[in-house]
Structure formats: C-alpha cells, structure tokens
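Okay, structure first, notes after.
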C-alpha cells in the first residue's frame with residue numbers, strides 16, 4: 001500500500017457489525033493481558049472488521065499498523081464477507097495472518113491480546129468495552145462512546161475499576177492546529193468566550209430509499225448482530241453502514257459527526273456540563289426509511305456560555321461534498337476552524353493578540369493512535385480518555401433527547417438524569433434484550 005493510501009483516512013464511515021451470543025462465565029484476567037509482549041510488541045484484537053475498523057484504503061487497523069510494534073492476533077466480525085479485507089490489510093502491512101472469529105468473547109479470553117480495537121455499531125460499544133476491561137485488556141473504541149448515557153457511564157466506571165487505558169476514537173482531539181487554536185482560547189487571549197458554534201453540512205449523504213425486510217444474507221449471524229437491541233426481521237437498510245440512521249442502534253448524525261465536532265468545540269470551553277438543552281429539526285430533505293433527522297439545530301446552555309450545534313445532510317446532488325466548522329466568539333476576538341486550518345480575527349485596538357491564519361495539520365488519526373499506544377506503555381490517561389469521551393458523547397445524547405421529545409431537557413449532571421420529564425429520562429438508558437446484560441449499567 002502506498003504512503004498516500006495509508007494516510008488517507010476519512011472520518012465518517014461505516015462501523016462494522018460484530019459477533020455476540022449468550023452469556024458464559026465471567027472472564028479470567030490474563031497475567032499478560034494489557035501489557036506489552038515480547039520485544040515490546042502490542043498485540044491487538046479487532047472487533048468489527050468493516051468500515052472504520054478495517055478497509056484497505058485506510059481505516060483504524062491500517063492506522064495501527066503504521067506503528068511497527070503492533071501486531072493483530074485476531075479479527076472478529078459476524079459477517080464472513082468482512083474478513084477478506086481485514087486479512088488483506090494485514091498482508092499489505094507485512095503482518096502475519098490473524099485468526100478470525102465470530103464471537104467477540106473469543107477475542108477477550110485470548111492471552112495473546114493486549115488491547116482491543118472496537119469498531120462496531122454504536123449499540124455494540126458498551127458490552128465489549130466493559131467485558132474487555134474485566135478481561136484486563138486496554139481499549140480503543142470508536143465514537144460515540146455508547147448508544148446511551150447510562151452505557152457510557154458503565155464503560156467509564158469499568159475502565160476505572162480495572163485500571164485500563166482506554167481511548168475514544170475521535171481523532172481530531174489529536175490534531176495539532178486544533179490543539180493550538182484551543183490553547184489560544186484557554187490562555188485567555190480571546191477574552192471571555194460566551195458562544196461556540198459547531199456545524200456539519202454533508203451533501204454526500206444520499207437517500208437510503210425504502211427497502212422491505214428480507215432473508216438474512218449467507219454468512220451473517222444476525223441474532224448476534226442485534227445483540228442487546230430489540231428483535232426484528234432483517235432489513236438491509238438497517239444493516240452495516242445504515243445502522244446509524246435508526247434509534248435502536250445509534251443516534252444519526254448527532255452521534256456521528258456531532259460527537260466529533262462537539263468534542264472539538266468543548267476543547268475551547270471550560271470542562272462543564274449543560275444545564276439545559278433544546279433542539280428543533282426533522283426530515284426535511286430525505287424521503288426514505290431512516291428515523292433520525294437529516295436537519296437539526298441544538299442549543300446547549302452551560303453555566304458560563306452557550307453552544308450551538310447544526311447539521312444538514314442528504315442533498316444527494318452528486319457533489320459528494322462536506323463542509324464543517326467550529327466557531328468560538330470571545331470579547332476580544334473570534335476563531336473559525338476546520339480541517340483546513342483556523343483563522344483568528346481580533347480587533348487591533350482591543351485584543352492582546354494579532355489576527356492570524358494557520359493551515360491545517362493533516363490527518364490526525366496516526367497521532368491519536370500513537371497517543372493510545374504510548375499510554376498503554378506509560379499507563380497514563382490518553383488525550384480522549386473515557387472521562388472526556390463520556391462527557392462529549394453525553395452532549396450528543398442530550399441533543400437527541402431534546403429532539404425526540406420536542407421539549408427542553410433540564411439536566412442533572414451529578415446524577416445524570418433528566419429533571420421533571422420521565423419520558424426523556426427513560427432515554428438516558430436502554431433496555432437490553434435477554435440474555436444480554438451490561439455490568440454496571442444503573443438502569444435498563
């Protein structure tokens with residue numbers, strides 16, 4: 001694979017499906033689990049071998065292989081058709097052929113796996129993470145942290161309890177120009193920041209159309225794919241990439257691009273939780289089977305500032321375009337930022353820093369993965385540890401709660417509950433389909 005292809009990582013892609021099944025006895029922690037192996041090798045197990053987890057043109061597995069100490073011992077997916085690409089990525093990067101399994105628990109009970117890379121649909125983030133922590137593995141889990149707030153809390157508490165290193169895969173947290181821009185804000189040179197705005201306009205997203213239920217494809221263990229989600233007939237529109245547009249499995253663009261960009265916006269704001277959230281939107285563009293809104297505006301009221309999120313998708317105009325950005329507005333200037341760079345605009349007679357422009361720092365995923373690997377060795381918290389990942393993912397979940405109820409969400413951040421709205425508060429958690437149960441989840 002060329003260096004260009006290795007570095008061509010596109011941020012929003014499908015999260016692959018993985019294996020699940022009935023419960024067995026708790027895992028026994030390996031004496032070697034989570035520790036660098038012989039010659040400081042780090043042996044990973046990939047859970048979810050499609051989309052962001054693994055693709056030949058660039059994905060998480062290929063990014064991990066940019067680091068020579070990384071080997072992949074095993075690849076897991078519920079769809080047999082996903083394995084070929086994973087094996088190709090391993091071959092292209094000079095790694096030995098990994099084992100393949102369809103049950104993620106067979107990854108966790110291996111002694112030759114130090115860390116797991118979880119690139120599954122959102123409804124399958126929590127269980128593998130918690131059980132990996134119990135098994136003594138370190139964890140790199142794609143965003144959003146979980147499908148619900150309660151699941152995210154259970155994941156956070158598990159990695160704390162078992163002293164695991166865990167990183168959420170929202171790579172822009174490691175982008176040098178974003179770090180530089182937000183350091184300017186935190187230094188106070190922008191004055192008091194009272195408003196931040198994040199937006200994503202994604203013209204590449206086409207309609208998924210209307211598809212009838214059908215037979216399960218050959219080689220797919222659909223019951224395992226559903227896992228803790230409600231039982232329903234197989235429908236191709238709910239499967240693989242499109243899972244993100246259905247509430248049973250994900251939270252639409254809010255928990256896809258929203259988590260990425262709310263994460264960036266929060267880097268320039270104090271580490272605080274919102275007091276209340278309101279949202280308005282709908283399906284104004286797409287006529288298809290998807291449930292989540294193609295257009296949404298969400299307003300977060302924090303103790304010291306306000307944050308606005310906007311997204312629109314699905315023009316299907318053939319341009320395959322995307323436009324996203326973050327703005328921070330302070331009393332002495334503004335910063336506007338995207339992946340191309342940032343611009344600082346100040347008033348010369350008022351500000352204590354001149355206006356300036358800075359180009360983007362390129363693909364941040366290699367640095368984000370490198371930070372995780374370094375922290376596996378140092379046992380220090382990564383830049384997007386689950387404390388931070390849970391906070392920014394919760395922002396997205398609250399926005400969806402406000403949209404789905406059509407009401408203002410008043411948030412008790414200490415107890416992580418919605419105040420005075422029982423219907424909205426039920427969305428803080430999720431009821432798991434038997435026999436699945438998430439250890440540490442307070443409700444559901």
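The values are calculated or read from the model by the stated rules, or taken from the named source; none is laboratory data. Quantities reported herein were computed from a predicted structural model and do not represent experimental measurements. We place every Cβ from the backbone using ideal geometry, glycine too, and count neighbours over all the protein chains shown.
Selection over the range 82-137 of residues that are touching a residue at least 40 places away in the same chain (Cβ under 8 Å), part of a helix (DSSP H, G or I) and over 24 Å from the mean Cα position of the chain (by Cα) gives a count of 1. Is it the case that the range 267-288 has a residue that's part of a helix (DSSP H, G or I) and under 19 Å from the mean Cα position of the chain (by Cα)? Yes, because at least one residue in the range 267-288 is part of a helix (DSSP H, G or I) and under 19 Å from the mean Cα position of the chain (by Cα). Of the conditions (1) surrounded by fewer than 24 Cβ atoms within 10 Å (Cβ to Cβ); (2) out of contact with any strand residue (DSSP E or B) (no Cβ under 9 Å at 6 or more places or on another chain), residue 130 satisfies every one except a single condition; which number is it? Result: residue 130 fails condition (1) only.
Which one is surrounded by the fewest Cβ atoms within 10 Å (Cβ to Cβ), of the residues in the range 204-229 that are under 26 Å from residue 247 (Cβ atoms) and in contact with a strand residue (DSSP E or B) (Cβ under 7 Å, 6 or more places away or on another chain)? Even if it seems obvious, please write down each step before you answer.
At the first step, the residues of the range 204-229 found to be under 26 Å from residue 247 (Cβ atoms) are 204-217, 220-229.
Narrowing further to those that are in contact with a strand residue (DSSP E or B) (Cβ under 7 Å, 6 or more places away or on another chain): 204-205, 220.
Working: 204: 15, 205: 20, 220: 20.
Checking each candidate, the answer is 204.
With respect to the stated conditions, residue 49 is under 20 Å from the mean Cα position of the chain (by Cα), modelled with pLDDT of 90 or more and closer than 26 Å to residue 223 by Cβ.
Being outside the structural domain of residue 302 (by TED's automatic domain parsing) and either surrounded by fewer than 24 Cβ atoms within 10 Å (Cβ to Cβ) or in contact (Cβ under 8 Å) with a residue 12 or more places away in the chain (or both) holds for only one residue in 356, 380, and it is 380. Can you tell me which residues in the range 419-444 are more than 19 Å from residue 247 (Cα to Cα) and in the same structural domain as residue 299 (by TED's automatic domain parsing)? Once the filter is applied, which keeps residues that are more than 19 Å from residue 247 (Cα to Cα) and in the same structural domain as residue 299 (by TED's automatic domain parsing), the range 419-444 yields 419, 420, 421.
Can you name the residue in the range 422-440 that is crowded, with 17+ Cβ neighbours inside 10 Å and more than 19 Å from residue 251 (Cα to Cα) and is also modelled with the lowest pLDDT among such residues? Break it down stepwise before answering.
Our first condition is that a residue be crowded, with 17+ Cβ neighbours inside 10 Å; within the range 422-440, this holds for 424-425, 427-430, 432, 438, 440.
Pick out the ones that are also more than 19 Å from residue 251 (Cα to Cα) and you get 438, 440.
Details: 438: 96, 440: 88.
For the range 422-440, the residue satisfying everything is 440.
Criterion applied to 397, 437, 390, 422 was being more than 16 Å from residue 145 (Cα to Cα) and in contact (Cβ under 8 Å) with a residue 24 or more places away in the chain, and the one residue passing it is 437. Take the conditions (1) part of a helix (DSSP H, G or I); (2) surrounded by 23 or more Cβ atoms within 10 Å (Cβ to Cβ); (3) in contact with a strand residue (DSSP E or B) (Cβ under 9 Å, 6 or more places away or on another chain); residue 337 misses just one of them, which is (1).
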